[in-house]
Amino acid sequence: HRGRSAPARDHQPSGLIMSDAALPHPTPVEASRPAAANGWLKRAIASDLFYSFRRSKLTVIAAVITLLFFLVAIFAPLLSPQNPFDPAQLQLLNSRISPLWTADGQSPFLLGTDEQGRDVLSAILYGLRISLLVGILGVVFSGALGIGLGLIAGYFGGRVDTVIMRIADVQLTFPPILIALLVNGVAKSVSGNRLDWFSMLIVLVLAIGLSFWVQYARTVRSSVMVEKNKDYVAAAQLIGLPAPVIMLRHVLPNTTGPVLVIATINLALAIITEATLSFLGSGMPETMPSLGTLIRIGNNYLFAGEWWIVAFPGLALAGLILAINLLGDWLRDALNPKLR
């Protein structure tokens, strides 16, 4: 064997081996992150839900309009000519100016002004922020309350289920607006009708949340009653996982489809409820008006000829509600397995 040449690896320079060892190699976790992100994006684009979204032109238009409303609400301080919530920027001499394109219009009031000299466009942008904030927080609160009670009722059953569902049945006999008015009236009576705008915001969120939790609770309860009899729940119970972990980590993800549909539709209902309360004088104050408050203020001057004070906030509210409802209807049909 002395005549045989050594393997090629024995003749490689040591410097080459050292340089290869010195090169940094990505860890498996770092290398898998871009691939996992790209894979998730490809699966989302190739999903039936995104295909259904692309096919419906009306849904795409509704999504664009809804996104536009959210963007103009977020960037309202940059887009509005004035801050309608700042009394230092308001002048009574500019009150009731008609829109810019009319004969009596003045710059920069594109949509005219109200009785306090506020630019209507600026008031709509800032009021849109409050309406969306109240609607989103109300949906989050009602969803958290309803989902939690629905999980408890469906998972444990028995007397707990009976008590929660009977409370839900009693509340269903009352319209949501009456529940909201009741909560609002109790809060005002307790505080002596001395609520600032932030306290009023919290009261509206509580009123809306306590009005719409029943739908979440009933839907989640029915889904949990089906899921808790499956093998994965029995396996989780067998290995000793506590009930809250099983409900939140294993059962709850299987109920997200109906919950998303309810949340989307309830967002529009929450905004309408807030606008109704504000129109009735039980909502946001005139110093921090929402869209409902602007409509109430403009309604007082409608028959005096100042139609723009109520028309443009009303159109903004109607366009927002219509766009969100169209998204909710599409999401309900897209997540319905009977229609696939």
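With a 1.4 Å probe and every protein chain left in place, work out the accessible area per residue of segment 203-340 in Å², rounded to a whole number.
Averaged over the residues of segment 203-340, the accessible area is 46 Å².
When the C-alpha atoms of segment 240-306 are aligned to their principal axes, what extent does each axis show, in angstrom, from largest down?
70, 21, 14
List the GluC sites (Glu not before Pro) within segment 246-340 that fall in a DSSP loop (any state other than H, G, I, E or B) and whose Cβ has at most 16 other Cβ atoms within 10 Å.
Those that pass, being in a loop and sparsely packed, are Glu286.
If you roll a 1.4 Å probe over segment 180-230 with all protein chains in place, what percent of the accessible area is carbon or sulfur?
Of all accessible area on segment 180-230, carbon and sulfur atoms account for 61 percent.
Could you work out the mean projected area of the convex hull around the alpha carbons of segment 45-168, in square nanometres to one decimal?
That works out to 13.4 nm², a quarter of the Cα hull's surface.
Order 49-62, 258-271 from most to least packed using the mean count of other Cβ atoms within 10 Å.
Put in order of decreasing packing, that is 258-271, 49-62.
On a C-alpha basis, how far is the centre of segment 286-338 from the centre of segment 259-274 in Å? Whole number, if you could?
Between the Cα centres of segment 286-338 and segment 259-274 lies a distance of 13 Å.
How large is the direction-averaged shadow of the alpha-carbon convex hull of segment 164-230, in nm²?
5.5
If you roll a 1.4 Å probe over segment 56-164 with all protein chains in place, what percent of the accessible area is carbon or sulfur?
That fraction is 70 percent.
Order the peptides 244-257, 68-81, 114-127 from the highest to the lowest mean number of other Cβ atoms within 10 Å of their residues.
114-127, 244-257, 68-81
Just to confirm, what accessible area per residue do you get for segment 62-113 at 1.4 Å probe, in whole Å²?
62
When ranked by the protection proxy of mean other Cβ atoms within 10 Å per residue, highest first, what sequence do the peptides 93-104, 206-217 form?
My ranking of the peptides, most packed first, is 206-217, 93-104.
With an 8 Å cut-off on Cα pairs and a minimum separation of 6 or more residues, tell me the relative contact order of segment 105-169 in percent.
The value is 14 percent.
Can you give me the orientation-averaged projected area of the convex hull built on the Cα atoms of segment 96-172, in nm²?
Over every viewing direction, the Cα hull of segment 96-172 projects on average to 7.7 nm².
Given the C-alpha atoms of segment 193-340, compute the convex hull and give its volume per residue in Å³.
138
The values are calculated or read from the model by the stated rules, or taken from the named source; none is laboratory data. In this text, all values refer to a predicted model and were calculated from it rather than measured experimentally. When we count neighbours, we look across all protein chains shown, and the Cβ atoms used for this are built from the backbone with ideal geometry, even at glycine. When the accessible area is computed, the model is the full protein with side chains, heavy atoms only, and any ligands, DNA or RNA have been set aside. Shrake-Rupley method; radii C 1.70, N 1.55, O 1.52, S 1.80 Å.
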